[in-house]
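S.K.: Just dropping this structure here.
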Amino acid sequence: MDISKRAEQINMILEDHLPKPPYSQGSIEDAMNYSVMSGGKRLRGIMLLEAFRLYNSDKDLEKNLAWPFAASMEFIHAYSLVHDDLPSMDNDMYRRGKLTTHAKYGHAMGVLTGDALLNYAFETMTQAASKLSKVRGEIAAELALRACRAMSVISQKAGFSGMIGGQVMDVCPQSPEEEPVSGKTVNTPASADISDLTGHIFKIYELKTSRLFQAAMCAGAILAGADDSQIDALNDAGYFIGEAFQIRDDILDATATFEQLGKDIGSDEKNNKNTIAHLLGIEKAQQLVREYLDKARAIFDEQPGNKEFFNELIDFLCLREN
Ligand code: GRG
């Protein structure tokens, strides 16, 4: 049982669900494949599967329903990274040690590849749900309902009031008339009272980072047939994990190397962004990482099933180096 084995399984699932070759170099299928298969920790796909496994041990259901949903979480995550790297956003040339999608395929293809991956996630999930009703006739309606509910949670948490909303707070100026000015932080509230600033940054992290972890965990639990209190508990765990993950990300952005991260470091400083690590210092930030992860651990302790994996995941997240 280790995280890299889980990541290999997600890679296999992704290969299986991406558009199949042959396709020509430079095509949209090529760019989608490149954007998804160029590495990554696969945390969101892993978390969806592990949340499913906490509440359901039906391997056939896992393969036919949870696997395509896990692949779709990674498609959505990959789209968000492709767009986040664009010149109009973070303007990054490297990710996961390779050229970013727009750097390799051009700007227009970068935009379109992100769009295609987002749509393809929903194509993959709806196809899985409709196929399943044929082989699982006796509980088709129940499974269709679970799939619908999971897609509703994923689309809402990834959407304008979730991840995209967080990205807007993080990269956009306060009003349409106000252009970002060099040397000015873009993710600062208009009435910048310093005491409100950390709260504002935590909110950005909740939206831009926690929401996708919450989507993965809730969707896994919903597909498995977990009850509402269990789904709510995983939603809370996803929130704590996301905050910890993003603060650790800030720390790495300020302290790690290109070789370690596979992307340019100092990106937050380059883009004039406030971060928790910058505002509170590295030591206090790492203490917060530990506190958030302890809260998540306490939630997993209360869940049925085998929690060993989530404990291992939390230990990994606390000290991750990439
Ligand atoms: C709709 C135009 C448009 C853009 C959307 C929403 C968005 C752009 C970007 C999402 C924001 C984002 C990049 C959040 C940060 C979360 C984060 C630290 C991602 C990196 O996740 P890892 O480390 O990535 O899990 P790997 O490479 O391991 O998969």
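S.K.: Provide the FRET efficiency to the nearest 0.05 for the THR198-ASP60 pair, computing r from the beta carbons and using R0 = 56 Å.
M.R.: Calculated transfer efficiency: 0.75.
S.K.: Can you compute the modelled spin-label distance between ASP16 and ASP227, with each label point 7 Å from Cα toward Cβ, in nm?
M.R.: It is 3.2 nm.
S.K.: Dipole of the stretch 103-171, Cα-centred, from +1 at each Lys and Arg C-beta and -1 at each Asp and Glu C-beta, to the nearest 20 debye?
M.R.: Result for the stretch 103-171 is approximately 200 debye, rounded to the nearest 20.
S.K.: So if I place +1 on the C-beta of Lys and Arg and -1 on the C-beta of Asp and Glu, and nothing else carries charge, what would the dipole magnitude of the chain be about its Cα centre? I want it in debye, nearest 20.
M.R.: 700
S.K.: While we're on this one: With each run of n ≥ 4 DSSP H residues scored as -39500 (n - 2.57), what mean residue ellipticity at 222 nm is computed for the chain after dividing by its residue count and rounding to the nearest 500 deg cm²/dmol?
M.R.: -21500 deg cm²/dmol
S.K.: Still on this model: Mind checking which of PHE69, PHE52, TYR34 is farthest towards the positive end of the stretch 12-70's charge dipole, using Cβ charges of +1 (Lys, Arg) and -1 (Asp, Glu) about the Cα centre?
M.R.: Among PHE69, PHE52, TYR34, the one farthest towards the positive end of the dipole of the stretch 12-70 is PHE52.
S.K.: Now for a different question. Simple spin-label model, 7 Å along Cα-to-Cβ: LYS98 to LYS5 in nm?
M.R.: Placing both labels 7 Å along Cα→Cβ, they lie 2.6 nm apart.
S.K.: Sticking with this structure for a sec: Rounded to the nearest angstrom and ordered from largest down, what semi-axes does the equivalent ellipsoid of the chain get from its C-alpha gyration tensor (root of 5λ)?
M.R.: So the equivalent ellipsoid measures 31, 24, 18 Å along its semi-axes.
S.K.: Then there is this: Averaging the inverse of every distinct alpha carbon separation and then flipping it gives the Kirkwood radius. What is it for the stretch 34-153, in angstrom units?
M.R.: It works out to 15.4 Å.
S.K.: At a Cα cut-off below 14 Å, give the aspartates and glutamates reachable from LYS59, other chains included and same-chain residues fewer than 8 away excluded.
M.R.: Partners found: GLU50.
S.K.: Using the scaling law 2.2 N^0.38 Å as the reference, what is the normalised Cα Rg of the stretch 195-322?
M.R.: The value comes to 1.11.
S.K.: Right, something else. For the modelled label position 7 Å from the Cα of GLN127 along Cα-to-Cβ, which residues of the stretch 11-25 have backbone nitrogen atoms closer than 14 Å?
M.R.: Hits in the stretch 11-25 for GLN127 at 14 Å: 14-22.
S.K.: Mind checking the full-extension length gain between ASN311 and SER152? Use 0.36 nm per residue of separation minus the Cα-Cα distance, one decimal, nm.
M.R.: Taking ASN311 through SER152 to full extension adds about 54.4 nm, to one decimal.
S.K.: Multiply the residue separation of ASP236 and GLU138 by 0.36 nm, subtract the distance between their alpha-carbon atoms, and state the gained length in nm to one decimal.
M.R.: Roughly 32.0 nm would be gained on extension.
S.K.: Under unit Cβ charges (Lys, Arg +1; Asp, Glu -1), what dipole magnitude, rounded to 20 debye, does the stretch 10-152 have relative to its Cα centre?
M.R.: Computed charge dipole of the stretch 10-152: roughly 260 debye.
S.K.: On a 0 to 90° scale, report how tilted helix 308-319 is relative to the longest principal axis of the chain, with both axes built from alpha carbons and the result rounded to the nearest 10.
M.R.: Between the helix axis and the principal axis of the chain, the angle is about 10 degrees.
S.K.: In the structure shown, do any of LYS104/LYS273; LYS131/LYS157; LYS63/LYS131; LYS98/LYS263; LYS5/LYS131; LYS208/LYS273 have a Cα-Cα gap over 18 Å, and if so which?
M.R.: LYS104/LYS273; LYS131/LYS157; LYS5/LYS131, as the Cα separations exceed 18 Å there.
S.K.: Could you state the angle between the C-alpha long axis of helix 3-17 and the longest principal axis of the C-alpha atoms of the chain, as a value from 0 to 90 degrees rounded to the nearest 10?
M.R.: Relative to the chain, helix 3-17 is tipped by roughly 70 degrees.
S.K.: Cα axis of helix 282-301 to longest principal axis of the chain: angle in degrees, 0 to 90, nearest 10?
M.R.: Computed tilt is about 20 degrees.
Read-outs throughout are calculated quantities, based only on the coordinates presented, and are distinct from any laboratory measurement. The shown structure was predicted, so the numbers you read here are calculated from the model rather than taken from an experiment. Cβ: placed from backbone, ideal geometry, glycine included. Neighbour counts: every protein chain shown.
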